[in-house]
1. So which of G284, G261 ends up being of a type in the set (G, A, S), at pLDDT 95 or above and over 18 Å from G200 (Cβ atoms)?
2. Looking only at region 230-246, filter to residues that are away from the ligand (no atom under 16 Å from the Cβ) and hydroxyl-bearing (S, T, Y); which one of those is farthest from K151 (Cα to Cα)?
3. Looking at (1) at pLDDT below 95; (2) more than 25 Å from K303 (Cα to Cα); (3) within 12 Å of the chain's Cα centre (by Cα), which is the only condition T162 fails?
4. Scan region 247-274 for residues that are among the β-branched types (V, I, T), in a loop (DSSP other than H, G, I, E, B) and within 16 Å of the ligand (Cβ to nearest atom) and report the count.
5. All but one of (1) within 12 Å of the ligand (Cβ to nearest atom); (2) within 14 Å of T266 (Cα to Cα); (3) in a strand (DSSP E or B) hold for Y221; which doesn't?
6. Just one of H240, H192, H236 is over 28 Å from Y42 (Cβ atoms), touching a residue at least 24 places away in the same chain (Cβ under 8 Å) and not aromatic (F, W, Y); which is it?
7. Spot the failing condition for M215; the list is (1) within 16 Å of the ligand (Cβ to nearest atom); (2) assigned by TED's automatic domain parsing to the domain that holds F277, and only one is missed.
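The values are calculated or read from the model by the stated rules, or taken from the named source; none is laboratory data. Since the model is a prediction, treat every value here as computed from it, not as a measurement. Cβ coordinates were reconstructed from backbone atoms using ideal geometry, including for glycine residues, and neighbour counts include every protein chain displayed.
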Amino acid sequence: MLFIVLFVLLINSSVNAEESVYDERMALFKKTEALTQIPWYYFAAIDNYERNIKKNADDEKVVSIDVPPELWFGLGNSSMIHDERLIMFFNGKGKDGNGDGKADPENPEDILQTIGNYILEYGQTKDDIKIALWNYYNRDLSVQTIMNTAKVFQTFQDINLTDRDFPVSISHNYSYRSTWGDRRGFGGLRIHEGTDIFAGYGTPVKSTTYGVIEMMGWNLYGGWRIGIRDIYNIYHYYGHMNGYDDDIKVGQVVKPGDVLGSVGSTGYGPPGTSGKFPPHLHYGMYKDNGTSEWSFDPYPYLKKWERIAKQKD
Ligand SMILES: [Zn+2]
């Protein structure tokens, strides 16, 4: 009996801890919105992006944005004293957000105020924010990922989005095994960057995650394909589709279970080529760490999402 009570207590406290870090983050993002008039979801998206490019991110850390020291303290300010006036003298961007008179690059409120002020130098419109982000990261993919994530957070008015789904309808027949890394002959020797899920023509294909449709159209290998950028800096690639659902378009926000189109056998030739292999969905996943993007094995994730889908059924 005591064990059960302890167990329940343990589970409750870990659930609460998880909720509280999201609540704490949200409160800080909204506070910074009030101070800067920049919508909270941009701060949430920048923070999320930086947490996801880190190798060993601390999920309990409230804000994960690392402002480079030379930007925070100013060029030539080797003293790194947290005094706001001294930082300003060296043209540093570091700001005091929590009102303790110090601009501390480790303090969540100071970090968000600094980012907010940095953006305000460019303006408050969506385009201004985009330009500010470009000047901060100097990388199109970083800007795109942050803007997409902001759009998802804005749409769902939430930053704790953990639901997932399997990419083909589990009420249809399908089969798959681990095929990532297998050799493929077409178009020269390539490594298979995904998992093939075999299913009949017309089987519904779904979004597995929260994200934004980044890419659509014909691809020599992939046929009719869709690419979704999720809120974890992961690009989900769907290949060989028969066609797209009517409402699906580039820039659209999707959630787990949204139907994107159906299974087909398109690809391996000019637009419209079909039937060169049995119908299947090619599912690929690519992770971006802020400097480069690489393919990794989707199989373990597919297994997990399949279990989630079966629980919903
Ligand atoms: Zn494949």
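1. G284
2. Y244
3. With respect to (1) at pLDDT below 95; (2) more than 25 Å from K303 (Cα to Cα); (3) within 12 Å of the chain's Cα centre (by Cα), T162 is out only on (2).
4. The first filter runs over region 247-274 and keeps only residues among the β-branched types (V, I, T), leaving 248, 250, 253-254, 259, 263, 266, 273.
Now drop any that are not in a loop (DSSP other than H, G, I, E, B), which leaves 248, 250, 273.
Now restrict to residues that are within 16 Å of the ligand (Cβ to nearest atom): 273.
Matching residues across region 247-274 total 1.
5. All conditions pass for Y221, except number (3).
6. Matching residue, one of H240, H192, H236: H240.
7. (1)
Residues are listed down the side, and each one gets a yes or a no for (1) surrounded by fewer than 17 Cβ atoms within 10 Å (Cβ to Cβ); (2) assigned to a helix (DSSP H, G or I); (3) modelled with pLDDT of 90 or more; (4) not aromatic (F, W, Y):
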residue	(1), (2), (3), (4)
I11	yes, yes, no, yes
S14	yes, yes, no, yes
K30	yes, yes, yes, yes
E33	no, yes, yes, yes
V63	no, no, yes, yes
V67	no, no, yes, yes
M88	yes, yes, yes, yes
D100	yes, no, yes, yes
